[in-house]
């Protein structure tokens with residue numbers, strides 16, 4: 001006879017984290033900007049850990065070159081809207097999850113349309129530097145929101161060198177350096193500290209043909225591997241669940 005716990009898809013997570021944490025995880029609202037090689041795996045890990053309210057944001061469609069690193073990218077989903085393909089995959093994991101797919105880009109014109117104050121956690125997995133700057137400034141300006149941000153995952157091959165740190169403590173990452181330079185140039189800085197996932201591995205150089213295939217609007221296409229980008233995404237998901245577990249309301253001991 002199968003027990004009730006054995007029928008719970010998140011039972012193994014509950015064994016490790018406890019019922020209070022699992023209840024809290026199920027109640028949080030998370031929004032992920034960018035569901036590529038990093039964001040798609042973050043979304044999947046969150047859903048597999050019991051997150052029930054998730055919004056995924058990305059303006060692109062699945063391209064054949066996404067298949068090496070993105071959770072929802074397969075031969076069957078090429079040409080589909082990324083967030084719709086990912087939403088379908090996530091609902092196959094948890095059909096009861098509340099998942100909103102927004103095929104939009106975050107930018108100056110759309111920033112206020114996302115209602116960030118409605119969310120507990122904002123995940124930044126955006127490629128565009130200017131939009132990343134805007135999102136970081138926006139999210140850190142809302143006291144009730146916790147922001148986690150991804151630095152550069154491309155041009156690395158060693159997943160064992162992925163780390164997390166407060167933004168100002170990130171070293172050796174060109175994207176983090178570019179962000180700091182942009183903040184300094186504009187004289188506008190994040191209102192609060194925020195944590196990032198990054199790699200200690202120095203960026204490598206492309207060895208193959210870098211002809212743009214799926215990089216419309218990008219200045220340069222960099223090689224990347226699933227075994228690194230996925231670890232970035234899984235780390236972001238772990239940062240969310242760890243933060244939830246460490247900020248549970250105090251138990252009434254009376």
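Could you identify the single residue in 139, 153 that is under 16 Å from the mean Cα position of the chain (by Cα) and within 23 Å of residue 109 (Cα to Cα)?
Working: 153 fails: within 23 Å of residue 109 (Cα to Cα).
The conditions single out 139.
State whether one or more residues within region 132-145 are closer than 23 Å to residue 40 by Cα and not in a helix (DSSP H, G or I).
yes
With the condition kept exactly as written, say whether any residue in region 185-196 is at pLDDT 95 or above and part of a helix (DSSP H, G or I).
yes
I'm trying to understand the selection: among the residues of region 11-55, which are surrounded by fewer than 20 Cβ atoms within 10 Å (Cβ to Cβ) and in contact with a strand residue (DSSP E or B) (Cβ under 9 Å, 6 or more places away or on another chain)?
Residues satisfying the conditions are 26, 27, 29, 52, 53.
Scanning for something within 20 Å of residue 176 (Cα to Cα), touching a strand residue (DSSP E or B) at 6+ places or on another chain (Cβ under 6 Å), modelled with pLDDT of 95 or more and assigned to a helix (DSSP H, G or I), does region 236-243 turn up at least one residue?
yes
So, in region 157-171, of the ones that are assigned to a loop (DSSP other than H, G, I, E, B) and modelled with pLDDT of 95 or more, which residue ends up nearest to residue 243 (Cα to Cα)? Full working, then the answer.
Our first condition is that a residue be assigned to a loop (DSSP other than H, G, I, E, B); within region 157-171, this holds for 157-158, 170-171.
The next check asks that each one be modelled with pLDDT of 95 or more; those that pass are 157-158, 170.
Values: 157: 28, 158: 26, 170: 19 Å.
Here the answer is 170.
Which residues, counting only those in region 113-124, are farther than 10 Å from residue 31 by Cα and assigned to a strand (DSSP E or B)?
none
Hey, does region 74-89 have a residue that's farther than 24 Å from residue 223 by Cβ, surrounded by 14 or more Cβ atoms within 10 Å (Cβ to Cβ) and in contact with a helix residue (DSSP H, G or I) (Cβ under 6 Å, 6 or more places away or on another chain)?
So far as region 74-89 goes, no, none of its residues is farther than 24 Å from residue 223 by Cβ, surrounded by 14 or more Cβ atoms within 10 Å (Cβ to Cβ) and in contact with a helix residue (DSSP H, G or I) (Cβ under 6 Å, 6 or more places away or on another chain).
Regarding region 73-87, can at least one residue be identified that is closer than 22 Å to residue 156 by Cβ and within 18 Å of the chain's Cα centre (by Cα)? Outline the logic, then answer.
Of region 73-87, the ones closer than 22 Å to residue 156 by Cβ are 73.
Adding the requirement that they be within 18 Å of the chain's Cα centre (by Cα) leaves 73.
Yes: one or more hits.
The values are calculated or read from the model by the stated rules, or taken from the named source; none is laboratory data. In this text, all values refer to a predicted model and were calculated from it rather than measured experimentally. Every residue, glycine among them, receives a Cβ derived from its backbone with ideal geometry; neighbour counts consider all protein chains shown.
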